[in-house]
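Bear in mind these aren't lab numbers, they're just calculated from the coordinates by the rules spelled out. Quick caveat, the model's predicted, so the values are computed rather than measured. Glycine also receives a Cβ, built like all others from the backbone with ideal geometry; neighbour counts cover every protein chain displayed.
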Ligand SMILES: C[S@@+](CC[C@H](N)C(=O)[O-])C[C@H]1O[C@@H](n2cnc3c(N)ncnc32)[C@H](O)[C@@H]1O
């Protein structure tokens, strides 16, 4: 049984669903071949079929794809959908598609791999002149006072007489989420960067200037997105949807007076690699997810080694040759509970339980 609480949230987000439904109705042409990139429960591809598309390739890396198959069957759509279980970068098509539809936007728009997945699909999976939903993404933001988040960073300094400042140092260069009711805006929101998905690739860069409407502490920046799904259909993640805005901290916090100027320059070099620099009044700031985290700890001379658990997985995956059954693999590696573990890996890696690739 595959639970789908996260996907139920997506389906229950009426603004999101209505905007995609409207855009798909406007953009799909009769007979279109469509890619639903990150199909989840299959919603967007199925809506495209209902709007006249001839065929959908529904690509999904998570186990939710098994639920999408079931949804297709129950709606009598299974003959017009090809499911591909895996990352879109591994998908192959016999014929390039006319339309790509995707909703792989994270809280800040680009933090879930949207750019690289769409850029790769444009190169390999879409015909020239193919349409893409969404068309354009704007990254929007504004400076905020967020004392609750700031308290969290401060709490990570000394606990039980022990130093935990290493944790706080990491948080300075990591993004967070602004929970509802937290974060007081210090200046009106602006568009910081524009991404045209028919062309975009990394790096994505943008900048904006602000003028403080009130005095206060600047703890960081609220960042969210606005998507133009097609001409006339917009989806703003901050307007009554399930998305919460991202939060990019600045450390130490700065103070501004009413009328002070603020500026931010934002660059995304990958889904997990971004930099935010700028100024708040006379103070400057420079943060980057590269300044702390895995990158500086793993130098070119490091000798990485698999953990015992990862080595076990590699052994199991090596035994999946399309001929051995799950039971035989479990027996070959031995150990209690291994049958369930092998089944999980089979599901995750798109191998059916009788050992054949899906
Ligand atoms: C926010 S959900 C949206 C699901 C569905 N399209 C909908 O609108 O309800 C995004 C889904 O895309 C999948 N996904 C993201 N990037 C992907 C990629 N490059 N290849 C395959 N699946 C991807 C995730 O696993 C997730 O299930």
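For residue 184 and residue 234, what is the calculated FRET efficiency with R₀ set at 35 Å and r taken between the beta-carbons, to the nearest 0.05? Kindly include the intermediate steps, with their values, before the conclusion.
Values: r = 26 Å, r/R0 = 0.73.
Given R0 = 35 Å and the Cβ-Cβ separation, E is 0.85.
In the chain, helical runs assigned H by DSSP with n ≥ 4 each contribute -39500 (n - 2.57); averaged across all residues and rounded to the nearest 500, the mean residue ellipticity at 222 nm is -8000 deg cm²/dmol.
If you average the C-alpha positions of the stretch 148-173 and of the stretch 198-231 separately, how far apart do those two centres end up, in angstrom? So the separation of the two Cα centres works out to 27 Å.
Counting only DSSP beta bridges with both residues in the stretch 3-162, the antiparallel share comes to about 10 percent. For a paramagnetic label modelled on residue 154 (point 7 Å from Cα along Cα→Cβ), amide N atoms under 18 Å away belong, within the stretch 210-239, to 216-221.
The equivalent ellipsoid that matches the C-alpha gyration tensor of the chain spans semi-axes of 39, 30, 17 angstrom, in descending order.
Normalised by 2.2 N^0.38 Å, where N is the number of residues, the C-alpha radius of gyration of the stretch 98-217 stands at 1.40. Taking 25 °C and 0.890 mPa s as conditions, the stretch 36-133 diffuses translationally at an estimated 182 µm²/s according to Stokes-Einstein applied to its Kirkwood radius (Cα pairs).
So if each residue of separation counts as 0.36 nm, and I subtract the Cα-Cα distance between residue 8 and residue 177, what length gain in nm does that give?
58.8 nm
Rounded to the nearest 5, what % of DSSP beta bridges with both residues in the chain are antiparallel? Restricted to the chain, the bridges split so that about 75 percent are antiparallel. Taking 51 Å as R0, compute the FRET efficiency from the Cβ-Cβ separation of residue 73 and residue 205 and round it to 0.05. With R0 = 51 Å, the Cβ-Cβ based efficiency is 0.70. Highest GNM mean-square fluctuation among 240, 23, 263, for the chain modelled with Cα contacts below 10 Å: 240. For the stretch 37-59 versus the stretch 245-296, the inter-centroid distance based on Cα atoms is 38 Å. Between residue 196 and residue 50, the distance separating the two model label sites (each 7 Å from Cα on the Cα→Cβ line) works out to 3.3 nm. Model label points for residue 93 and residue 215, set 7 angstrom from Cα along the Cα-to-Cβ axis, are 5.8 nm apart. Among 259, 38, 109, determine the one that fluctuates most according to a GNM of the chain built with springs between C-alpha atoms less than 10 Å apart. Evaluated over the chain, the most mobile residue of the options is 259. Most mobile of 129, 270, 45 per a Gaussian network model of the chain (Cα springs, under 10 Å)? Result for the chain, Cα springs under 10 Å: 129 fluctuates most.
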